[in-house]
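Data block below; observations after.
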Amino acid sequence: MHRNVGREELIDQLVPELRRAHEEETGTASEVLDAFSQAVLKRVNDRYLYRHRLTTLGAQLRDSFQWVAQHAHEDRVTVRVFEPTIAEHGYELEGHVIETLMPDQPFIVDTLKLYTEQCGVGIINQLNVVLPTTFDEDNHLVAVGGQGTPPRHTSYTRWYVAWQENMDANEVRSIIETRLNLARAMVRGFYRMVRLVKDTANEFEYLSRMHAVHEDDCLEVRDFLTWLVEDHYVFMGLTVYEFDDEGRTVPTITVGSVTEEADGEAHLKSVTEFARNTDALAWPIVRAVKSGAESQVHRAGKVDELLIRLFDDQGRATGCAVLQGLFTFKGLSQPGSDIPILRRKLAHVLTQEDVVTGGYIYKGFVNAFNALPVEYLFGADLPSIHDLLSMLVTADTTREVKCQVVLNDDGHSAYAFVVIPKRQYSEDLREQMETALRQSLGASYTDHRVYLGKFGTVALHFYLTGGSDVGNANLDEIRDVLVDIGTPWTYRLRQRLETDRGETEAAHLYERYADAFPEGYMEQTPEPYAVTDVGHLEKVLQSGRTRFEVFANPTLADQALIRFYSREPMQLTSILPVVDNFGVVVVEQIAFEVTPKNSPCLTVNTLRVLRGEHDVHAQGDALIDGLRAVFARRMRSDRLNRLL
């Protein structure tokens, strides 16, 4: 079949062929097979459709239809995972097939995609279709689509995949069934969870009227719970804990799919400590944390766990409600200053800073706060937020690279915040930072966001998880690495000049050499070497005489670098014989033109050489004296120079 045959035309040809094959095999026609085939073929992508049209597509559809017809009436999750064989399935494919069947609902496809991503399963082809199915009184499938009795909507997905040899089909099926059942419990419990959250919000409104001293606290909790149900939170599970007569914390209500913590006892202890923070109605009432459990449904990430302390009419603590879920993208994209609970944190920082409402500094803090990830703001304490905001606001005015790395309490995740001048930002630079963080923290997962500031800066936020070394990481070293990556080479040169030469002379030299060096030179030359080079180049400008220097190779321990500084470009034929007569083995030569401001063009020639048995770098002073003598014609260039 040629590809110029239209998709609709091809499907119209395939369906009758399937019908004839079915009639030959069973002796009966099947309008249900026709309807099923039509529905599925509409969802097959062109590449798969054209590739398998002449080989196995018909057999695939007949086999899938038989399985669907057998299980579609069941009100449960059904999964099969298999490697197709002609004997059992009527066709062969290299790889495995995963098929799922269940009553239609949200979070089916994204849950399956999440599993394939987390477990390294490669998707070759995937389709999902909602089948309007009708059954007779004996639960036989009698129609797919069509008019008449209101049909049951059945979700059918098919995944053609490839995976590693050590994976087992039965294990894959079991995991997928578990995850889809979690998604099903989550959706089934949604309305009850929302109702319980709304009831709790109403309780806090009532408490605000009964306890005027805590009116603001209670109304803030009410507003936060109301905000959650306005499509800002994906509700997965809810557990209500109450204190029994013996003071124990016991679960009394469980709705949805509650994710079990690895250490359930420690989790219950943490919930109890928060719930009993004080027996009276007082702040804190709400706590948002990243759970130690990974999301098994919907999308990747640690589960966002929300704890809400509960009280009776008298304001006495009675227990705690624990919500599990994920903040929606709508919620995560909302400015933190507009979100209940978070707006309180911002107000606290602004009060500490004693800024004028609506003023320049006030706006700077608000903008910096809104640039931070909502997930971080929920979990961070006030001192950490205050320090970070101060860093962001300062960086906006100084144009310096600023960095902060924050470890989370779980010991396996961290946030990194970097602010750099906008003119220095690039995607390559961001990737360098992300790679450095991943390596330093041993992270298995990273995510990032880029925020373009209003005053010439870019804020980078990184979130990292899965690192076994996170808790033991040297944060100071990581900050130094990120600042080094984000700081332009010329700025680091100025800092080094100020350290070595003092501010006055550094300012003069920086003015002359800030734009003097080509990109290749800056990529290969550490700033301390460049400061030494500047010193030699200054003397070349003054005297006109060629100068020399020997450095250790910064990247290869068995090599050294011999520098030649001159007014005019030097021919390689005039350098190599001289160096060779000193017994030095040259590996490579590189030359750069340096153009100081308002000065003649200069040349820096570099020979990359082997340090050798006698260590060229250790004998650098003697070598430099010899080179000076040869180029000043005070000494001949011959083999006897090796005696030096």
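The values are calculated or read from the model by the stated rules, or taken from the named source; none is laboratory data. Computed from a predicted model, the values in this text were never measured in an experiment. Cβ sites come from the backbone with ideal geometry, for glycine too, and all protein chains shown count toward neighbours. Calculation scope for accessible area: heavy atoms of the full protein, side chains included, ligands and nucleic acids excluded. Shrake-Rupley method; radii C 1.70, N 1.55, O 1.52, S 1.80 Å.
At an R0 of 56 angstrom, the distance between the Cβ atoms of H140 and T318 translates into a FRET efficiency of 0.60.
Across region 332-340, computed HN-Hα scalar couplings (Karplus, 6.51 cos²θ - 1.76 cosθ + 1.60, θ = phi - 60°) run 5, 8, 7, x, x, 5, 9, 9, x Hz from first to last residue, x flagging Gly and Pro. Residues whose amide H comes within less than 5 Å of that of T328, counting only those at least five positions distant or on another chain, are Y233, V234 (H built at 1.01 Å from N in the peptide plane). Per-residue accessible area (protein heavy atoms, 1.4 Å probe) orders K597, K402 as K597, K402, starting from the largest.
Near the amide H of N553, within less than 5 Å, lie the amide hydrogens of Q559, A560, L561, all on another chain or at least 5 residues away, with H placed in the peptide plane. Rounded to the nearest 10 degrees, the angle from helix 215-228 to the longest Cα principal axis of the chain is 80 degrees.
For the set C119, C218, the ranking by accessible area, highest first and with no ligand, DNA or RNA atoms included, is C119, C218 under a 1.4 Å probe. For a label point 7 Å from the Cα of R7 along Cα→C-beta, name the residues of region 61-78 whose backbone N is under 20 Å from it. The answer is 61, whose backbone nitrogens lie closer than 20 Å to the label point. Label sites at E92 and R423, each approximated as a point 7 angstrom past Cα along Cα to Cβ, lie 6.6 nm apart. Taken along the Cα-to-beta-carbon direction at a fixed 7 Å, the label points for Q495 and N45 span 4.6 nm.
Note on M522: accessible area approximately 50 square angstrom, rounded to 10, probe 1.4 Å, nucleic acids and ligands left out. Charged neighbours of A347, selected by a Cβ distance under 14 Å, balance to -4 (K, R count +1; D, E count -1).
When all protein chains stay in place and ligands, DNA and RNA are ignored, the 1.4 Å accessible-area order of C601, C403, largest first, is C601, C403. Its DSSP H runs of at least 4 residues, each contributing -39,500 (n - 2.57), put the calculated 222 nm mean residue ellipticity of the chain at -13500 deg cm²/dmol, to the nearest 500.
With N counted as the residues of region 49-180, its alpha-carbon radius of gyration over 2.2 N^0.38 Å works out to 1.08. Pairwise Cα distances in region 46-90 exceed 14 Å in 58 percent of cases. In terms of its C-alpha gyration tensor, region 549-640 comes out oblate, because a/c is 1.5 or above while a/b does not outweigh b/c. Calculated from the structure at hand, semi-axes √(5λ) of the Cα gyration tensor in Å is found among (i) 49, 31, 28; (ii) 59, 36, 20; (iii) 63, 41, 21 as (iii). Relative to the longest principal axis of the Cα atoms of the chain, the long axis of helix 31-41 makes an angle of roughly 20 degrees. Pair-distance distribution P(r) for region 175-319, from all Cα-Cα distances in 5 Å bins starting at 0: 2, 9, 17, 22, 20, 16, 8, 4, 1, 0, 0 percent. In degrees from 0 to 90, rounded to the nearest 10, what is the angle of the helix 503-513 Cα long axis to the longest principal axis of the chain? Helix 503-513 and the main axis of the chain meet at about 80 degrees.
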